[in-house]
1. Which number in (1) free of Cβ contacts under 8 Å to residues at least 24 places away in the same chain; (2) within 20 Å of MET379 (Cβ to Cβ); (3) outside any loop (DSSP other than H, G, I, E, B) marks the one condition that GLN228 misses?
2. Determine whether GLY197 is at pLDDT below 95 and assigned by TED's automatic domain parsing to the domain that holds SER321.
3. When the stretch 156-168 is examined, which residues are found to be outside any strand (DSSP E or B) and out of contact with any Lys or Arg (no Cβ under 9 Å at 6 or more places or on another chain)?
4. What residue, among those in the stretch 230-240 that are out of contact with any Asp or Glu (no Cβ under 9 Å at 6 or more places or on another chain) and either within 16 Å of ligand 1 (Cβ to nearest atom) or among the aliphatic types (A, V, I, L, M) (or both), is most open to solvent (accessible area, probe 1.4 Å)?
5. Going by the conditions given, is MET186 assigned to a helix (DSSP H, G or I), closer than 30 Å to ALA376 by Cβ and either modelled with pLDDT of 95 or more or away from ligand 2 (no atom under 16 Å from the Cβ) (or both)?
6. Considering only the stretch 194-229, how many residues are within 30 Å of LYS425 (Cβ to Cβ) and either open to solvent by 20 Å² or more (accessible area, probe 1.4 Å) or basic (Lys, Arg) (or both)?
7. Name every residue in the stretch 260-286 that is among the polar types (S, T, N, Q), part of a loop (DSSP other than H, G, I, E, B) and within 15 Å of ligand 1 (Cβ to nearest atom), in order of residue number.
8. On the basis of being in the same structural domain as ILE368 (by TED's automatic domain parsing), more than 16 Å from ligand 1 (Cβ to nearest atom), open to solvent by 10 Å² or more (accessible area, probe 1.4 Å) and over 25 Å from ALA26 (Cβ atoms), does ASP252 make the cut?
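The values are calculated or read from the model by the stated rules, or taken from the named source; none is laboratory data. In this text the structure is predicted, and so the values were computed from the model without any measurement. FYI the Cβ positions are ideal-geometry reconstructions off the backbone, even for glycines, and counts take in every protein chain you see. In case anyone asks, the SASA skips ligands and DNA or RNA and just uses the protein heavy atoms, side chains included. Shrake-Rupley method; radii C 1.70, N 1.55, O 1.52, S 1.80 Å.
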Amino acid sequence: MTILIVNIKELVQITENHVKMVAGCAMSKLSTLKDAWLLTEGAGIKDFGRMSEGRCQRKDGNWQVDGDGWQMTAFDQVIDATGRLVFPSFCDSHTHLVYAGSRELEYIDKIKGLSYEEIARRGGGILNSAARLHVASEDELVAEALPRLEEIIRLGTGAVEIKSGYGLTVEDEIKMLRVIRKLQGMTPLTIVPTFLGAHAVPAGYKGHQGEFVDIVIHEMIPRVASEQLAGFIDVFCDQGFFTVDETDRILDAGMKYGLRAKIHANELGYSGGVQVGVKYNALSVDHLEFVGDKEIASLRNTGTMPTVLPGAAFFLGMVASPVRTMIDAGLPVAMASDFNPGSSPSGNMQFILSLASVRYRMLPEEAIHATTINSAYAMGISNDYGSIEKGKKANLFITKPIPTYEFMPYAYGSNKVDEVILNGKLIAR
Ligand code: NIG
Ligand code: FE
């Protein structure tokens, strides 16, 4: 399968030399090519360049591309992208998009003034979703998740991390992870599963939650590892959820089974989550509304990606994470949707791009890095995804006719994505 895209108004987010992430002031620089072409072969990006170079030209009505020692004259598809831009697909490195039902009635309680923690204490929140998930079959969960995946594809997402965490029992956590595995074979999206057994303390363990932590460690983790259902392990390390000591024990156990940490931290307070994540060389620490000098110091010169979830902070009306301070301190920042029924019932990464600029004062270039290459890093796939680079996977979208790449975060609320190519195949229009 080959696809040739010609007359691209601007090809955005080009990288070289297998850059894995972009940090600090480098985030404000974005490499692009105006008036470009791009060729895919199989699942990958074979080559790209400027139309004016003459390597891609029309001869006797047929397109021809000349490469380094090769020439191609026949293509399965030729797309004329006049007036349109090409971006690498968004990588959404943090979602909970397998869930049963929805929680709009709780959201009314939120409007009336109840906090996220108060709703959780009343048995709402995550426990509400866990009760619904318990009575849903694997097939029902698959059927609910598929339209969500369809929707995010059309909004420009090409790779998505999905967490368990609405099971909260051994069997239901395994059920969720099996659903995620089934979805992997049913969609052109690249799906990365994360085990989140310690998402909330089940009602029966209130006051002795250490026993639940023991179940996560001694029963859930070994099952997840033996069935090879996930490569990452998450813990909701925050006030009212799991403590630093409990998180430490869980991450230690996960590491022994080859599960790398990728945790929820510092959403509700200075929980110590960032530091315990860094201690275990977490791939990412996510949320980060409460980040000060100590957290920034602990993240410096580590392999841990600070990941901000603007949709959850927006929906819950929370303080904004100090993204500017982190970037100005030289750190990288990734952004993801947190798509889930409680705190962010949307997986629209274009809206995340807009929130990045509107609410976090990120430049369009910084926001694009945060939602592509850096979020690819935060899900362990930046070798293959997250930018336009020869040899990387052909996961990209062609926009509708728009004037500039800056228009993407600016024109919030509308879908600017026209055509989608995932792993070298034209998926949607
Ligand atoms: O990332 N913070 C913890 N977990 C989710 C919320 C899940 C839910 O409310 O269902 C989050 O915001
Ligand atoms: Fe989350």
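1. Among (1) free of Cβ contacts under 8 Å to residues at least 24 places away in the same chain; (2) within 20 Å of MET379 (Cβ to Cβ); (3) outside any loop (DSSP other than H, G, I, E, B), GLN228 violates only (3).
2. no
3. Residues of the stretch 156-168 that are outside any strand (DSSP E or B), as a first pass: 156, 164-168.
The answer is GLY165, LEU168.
4. Out of the qualifying residues, it is ALA230.
5. Values: assigned to a helix (DSSP H, G or I): no; closer than 30 Å to ALA376 by Cβ: yes; either modelled with pLDDT of 95 or more or away from ligand 2 (no atom under 16 Å from the Cβ) (or both): yes.
Here the answer is no, as MET186 does not meet what is asked.
6. Of the residues in the stretch 194-229, 2 are within 30 Å of LYS425 (Cβ to Cβ) and either open to solvent by 20 Å² or more (accessible area, probe 1.4 Å) or basic (Lys, Arg) (or both).
7. Step one: list which residues in the stretch 260-286 are among the polar types (S, T, N, Q), which gives 266, 271, 275, 281, 284.
Narrowing the set further to residues that are part of a loop (DSSP other than H, G, I, E, B) leaves 266, 271, 281.
Once the filter is applied, which keeps residues that are among the polar types (S, T, N, Q), part of a loop (DSSP other than H, G, I, E, B) and within 15 Å of ligand 1 (Cβ to nearest atom), the stretch 260-286 yields ASN266, SER271.
8. When the stated conditions are applied, ASP252 passes them.
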